[in-house]
Amino acid sequence: MMGKCLKVLSNVPVFWFAALLILAPSARAYGEKSITASFTSTSGAFTALWVAQESQSFAKYGVNVTLAYIAGGSKAVAVLLAGEAPITMSSGESLVRARLSGGSVVAIATHTYTFVASLMVLPEIKTAADLKGKTLGISRFGTTPHLGTLMALQRLGLNPNTDVAIRQMGGIPEAFAAMQSRQIQGGYLPAPLNLQVQKRGFNALVDLGTLNIPYDQSLLLGSQKLIQRDRSLVLDFLKGYVAGIARAKRDKAFTKSVMSKYTRVKDDEILEYSYKIFIETYLNKAPIPHPEAIQTVLDFVKEQEPKARQAKPEEFIDASLVKQLEDSGFVASLY
């Protein structure tokens, strides 16, 4: 039976867990292996992790998983490195910045393997030329929206330093509010917000997902210390995660209900769109992390992080775990 409890991690400030939500099966019911894993957003890009928990897929493979929500990738990685929640679902930037600072963390699996967002602009902006001299809003510099905006401008043939201005707004909702009040003329808006905004008359100047840029919008990070100490535990966790992917792909109704629970979205049109994007389109059955996606981030941060210039993307991932599951036939057995 699923139980609900509140967990406060001892070695980190309590205020980091203002929105902490735990949904974990009983350890006594499912064996002695237990682990806390965190996720850093209530975006649909984290759905497979939630489905694995809600469908008791982790429990099926002998792991009692406690899920914790920690807002912010850098905070979640700090908790991971402290050993409190040694697996987290976060972004590529969180991984790269942590490792460049000496953190013992690697990517062990992916979820959403490219940008799932659009560069949305005011209704009267139809072309790249119309965007020249305008201002775009992002949450903060050095984040996924910042990188995605730069990539979109590059594909449009625009120079972010001379053709447009990029302004920090503090968050995605703030960026959209500024667009509505015409303080800015466009911004990076992730799915499913891009759909909602488009229905209000704004234009999607660039659908970043269609550009197939290698990038991990969400991926599973694991403590290297944990992998070295208890590889079998991490493998069993990944069995549950991969089984969660399979359940998500074959059971739309259940997956949409889980999505609704964690995102608090009730609009079926938005849930349907989110399912199509995050599950059907941009989620692999065998979620193997790839160095090309890490290289995208290394190129992005190299001006602020000189170590990124010499870093090899292969050092940031451990693809052997999911590959082991794929090579053994485990992934195929789920379909």
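Since every read-out is calculated from the coordinates, none of them should be taken as a lab result. Keep in mind that this is a model prediction, so the values were computed, not measured. Positions of Cβ are backbone-derived with ideal geometry, glycine not excepted, and every protein chain shown enters the neighbour counts.
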- What are the lysines whose alpha-carbon lies under 26 Å from the alpha-carbon of K60, with same-chain residues fewer than 8 places away excluded? K4, K7, K33, K225, K239, K249, K252, K256, K261, K285, K323
- Task: Determine, for S55, S328, the number of other Cβ atoms within 10 Å of each Cβ, and report the residues in order from fewest to most.
- Result: S328, S55
- Message: Under the rule that an exposed site lies in a DSSP loop and has at most 10 other Cβ atoms within 10 Å, name the longest stretch of the chain with no trypsin sites (Lys or Arg not before Pro) of that kind, not counting the sites themselves.
- Response: 1-181
- Item | Crossing angle, helix 252-263 versus the chain [Cα axis fit, 0-90 degrees, rounded to tens] | 70 degrees
- Which Cα, out of P145, S223, Y113, lies furthest along the positive dipole direction of the chain (beta carbon charges, K/R +1, D/E -1)? S223
- Over the chain - Rg/Rh using Cα atoms and the Kirkwood inverse-distance radius: 0.97
- Message: Within the stretch 168-188, list the residues whose amide N lies under 14 Å from a label point set 7 Å along Cα→Cβ of R200.
- Response: 172-188
- Percentage of interatomic Cα-Cα distances in the stretch 72-149 larger than 19 Å: 50 percent
